[in-house]
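For reference, the structure is listed below as structure tokens.
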Amino acid sequence: MRKQIKILYTIPNFKTAGSQYVLLSLFRNIDRTVFDPYICIEKFPETIPKDIPEKRRLLFKWKGSKFQDVLGFRRFLKENEIDIVHSWDYKSNYLEVLSCRLANVKYLYTKKNNAWSKRWQLKSWLANYIAYDNPEMKDRFFKSLLFRNKISFIPHGVDTNIFKPLGKVSHQNFNIGCIGNIGANKNQLFVINALKGLPENMELHLYGDEEAKYRELLDAYLKDNDLANRVNFHGFIENKNIPSIFQSLDLFILPSIQEGLPVSILEAMACGVPVLSSDSGGGAKYLLDAKNIFDLNRPAELIQKIMKIYKLQERERAVLIEKGIQNIAKKHTLQMEVDNYERLYKTIISINS
């Protein structure tokens, strides 16, 4: 019987890293007859979800000395007999991949943000393979001949057993929702500003952990513009509870300044909620029609597009919703994403082996 492929998923932590949900979906759904997965974090081990068995949790503390850290992580990989490291670190840190090279361990990372630098180039050059979640990244970052044979576009997927249309909760107002960390990049202020040009029966519901200074900025703006009674802060919500939130939303808006391929858009579409998004890095264009994307340099455009959805007849709204649901079913299920990564892992192991 062929030995299982031992995969180590690395991520800085489960407290602030946005990639945790994709990583956990892979870990929980990967074929255990072929793959033997483990998770390694740098800090906050207490935040690892309780359903992850203790024996599959590994902790490596980077000490700040490049030489010692590279040799230490190399030894760590050897001791744990790792075959592939799949990194979900959002930083340009190249020490992981350098350790993998020294340990003769295959290294894959998933590129999900729009940052780029010489350190990112080095990390990419040393990697055995790179997955990216935004189709525009191929030309933006990986058009060099050096990367041609080691990149794959793998779009995110959602678990349609969890994210699916549920019975709508009756409500009087037209509810607009934003889900994600409440901070400068997520740019909730842009939607709040739009409320000034929208009917009084439209309310905004914000879900997510808050950056203290940004919340102060929002509170001051709400007070100055007499909008406090139309904006509701609900705090952090667990991923498994998001579908119940969508039950009471009439529209989901993602006003981010920068995103990769936004999973929140996929989740909203799967749950039958119309979506508007900024073109936050290009990923939204892959998921939505142009009429559902707004320009952050044209605030009035968002107001116009909200009003267009607000005025849809029931039949028109149903068609829009069904189109989103079918888009997810055909292109963006969790199983599709898992299958794509499983094929990639097998390809990586076969390279030069």
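Which pairs have Cβ atoms under 7 Å, sit 6 or more apart or on different chains, and link a residue in the stretch 52-74 that is in contact (Cβ under 8 Å) with a residue 24 or more places away in the chain and in the same structural domain as K106 (by TED's automatic domain parsing) to one that is crowded, with 17+ Cβ neighbours inside 10 Å and of a type in the set (G, A, S)?
V70/S99; F73/S99; R74/S99; R74/A103
Just for the stretch 261-275: of the residues that are among the hydrophobic types (A, V, I, L, M, F, W, C) and part of a helix (DSSP H, G or I), which one is nearest to Y90 (Cα to Cα)?
Result: V263.
In the set F76, F60, F27, F67, which member is at negative phi, among the aromatic types (F, W, Y) and touching an Asp or Glu at 6+ places or on another chain (Cβ under 9 Å)?
Sole residue among the options that is at negative phi, among the aromatic types (F, W, Y) and touching an Asp or Glu at 6+ places or on another chain (Cβ under 9 Å): F60.
Scan the stretch 278-289 and report the pairs whose first residue is in the same structural domain as A300 (by TED's automatic domain parsing) and within 9 Å of S256 (Cβ to Cβ) and whose second residue is aromatic (F, W, Y) and surrounded by fewer than 23 Cβ atoms within 10 Å (Cβ to Cβ), with Cβ atoms within less than 8 Å and a gap of 6+ or a chain change.
S278/F190
Tally up the residues in the stretch 314-332 that are of a type in the set (K, R) and in contact with a helix residue (DSSP H, G or I) (Cβ under 8 Å, 6 or more places away or on another chain), please.
Residues meeting the conditions: 1.
Could you check, for the stretch 80-91, whether at least one of its residues is farther than 26 Å from G208 by Cβ, part of a helix (DSSP H, G or I) and either out of contact with any Gly (no Cβ under 6 Å at 6 or more places or on another chain) or among the small types (G, A, S) (or both)?
No.
If you take the residues of the stretch 16-26 that are in contact with a helix residue (DSSP H, G or I) (Cβ under 8 Å, 6 or more places away or on another chain) and more than 11 Å from K112 (Cβ to Cβ), which of them is surrounded by the fewest Cβ atoms within 10 Å (Cβ to Cβ)?
Looking at residues that are in contact with a helix residue (DSSP H, G or I) (Cβ under 8 Å, 6 or more places away or on another chain) and more than 11 Å from K112 (Cβ to Cβ), I get Y21.
Considering only the stretch 277-301, how many residues are in contact with a helix residue (DSSP H, G or I) (Cβ under 9 Å, 6 or more places away or on another chain), surrounded by 17 or more Cβ atoms within 10 Å (Cβ to Cβ) and within 18 Å of I182 (Cβ to Cβ)?
Qualifying residue count, the stretch 277-301: 2.
Tell me which of these L249 doesn't satisfy, since it passes every other one: (1) under 18 Å from the mean Cα position of the chain (by Cα); (2) in a loop (DSSP other than H, G, I, E, B); (3) buried (at least 23 other Cβ atoms within 10 Å of the Cβ).
Looking at each condition in turn, L249 falls short on (1).
Is it the case that N113 is part of a loop (DSSP other than H, G, I, E, B), in contact with a Gly (Cβ under 7 Å, 6 or more places away or on another chain) and either assigned by TED's automatic domain parsing to the domain that holds I11 or closer than 17 Å to N13 by Cβ (or both)?
For N113, the condition - part of a loop (DSSP other than H, G, I, E, B), in contact with a Gly (Cβ under 7 Å, 6 or more places away or on another chain) and either assigned by TED's automatic domain parsing to the domain that holds I11 or closer than 17 Å to N13 by Cβ (or both) - is met.
Is it the case that the stretch 126-137 has a residue that's farther than 23 Å from V338 by Cβ, modelled with pLDDT of 95 or more and either in contact with a strand residue (DSSP E or B) (Cβ under 8 Å, 6 or more places away or on another chain) or part of a helix (DSSP H, G or I) (or both)?
Yes, there is a match, as at least one residue in the stretch 126-137 is farther than 23 Å from V338 by Cβ, modelled with pLDDT of 95 or more and either in contact with a strand residue (DSSP E or B) (Cβ under 8 Å, 6 or more places away or on another chain) or part of a helix (DSSP H, G or I) (or both).
If Y107 passes every condition in (1) assigned to a helix (DSSP H, G or I); (2) touching a Cys at 6+ places or on another chain (Cβ under 7 Å) but one, which one does it miss?
Of (1) assigned to a helix (DSSP H, G or I); (2) touching a Cys at 6+ places or on another chain (Cβ under 7 Å), only one is false for Y107: (1).
Conditions tested, residue by residue: (1) part of a strand (DSSP E or B); (2) in contact with a helix residue (DSSP H, G or I) (Cβ under 8 Å, 6 or more places away or on another chain); (3) under 28 Å from R343 (Cα atoms); (4) at pLDDT below 95.
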| position | (1), (2), (3), (4) |
| --- | --- |
| P37 | yes, yes, yes, no |
| E46 | no, no, no, yes |
| K63 | no, yes, no, yes |
| L77 | no, yes, yes, no |
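Limited to the stretch 164-220, what total is found for residues that are part of a strand (DSSP E or B) and either surrounded by fewer than 16 Cβ atoms within 10 Å (Cβ to Cβ) or among the hydrophobic types (A, V, I, L, M, F, W, C) (or both)?
Residues in the stretch 164-220 being part of a strand (DSSP E or B) and either surrounded by fewer than 16 Cβ atoms within 10 Å (Cβ to Cβ) or among the hydrophobic types (A, V, I, L, M, F, W, C) (or both): 8 in total.
Kindly evaluate D226 against the criterion of being modelled with pLDDT of 95 or more and in a loop (DSSP other than H, G, I, E, B).
yes
Scan the stretch 297-353 for residues that are in contact with a Phe, Trp or Tyr (Cβ under 9 Å, 6 or more places away or on another chain) and without any contact (Cβ under 8 Å) to a residue 12 or more places away in the chain and report the count.
Residues in the stretch 297-353 being in contact with a Phe, Trp or Tyr (Cβ under 9 Å, 6 or more places away or on another chain) and without any contact (Cβ under 8 Å) to a residue 12 or more places away in the chain: 2 in total.
The values are calculated or read from the model by the stated rules, or taken from the named source; none is laboratory data. The model shown is predicted, which means the values in this text are computed figures rather than measured ones. Backbone-built Cβ (ideal geometry, glycine too); neighbour counts: all protein chains shown.
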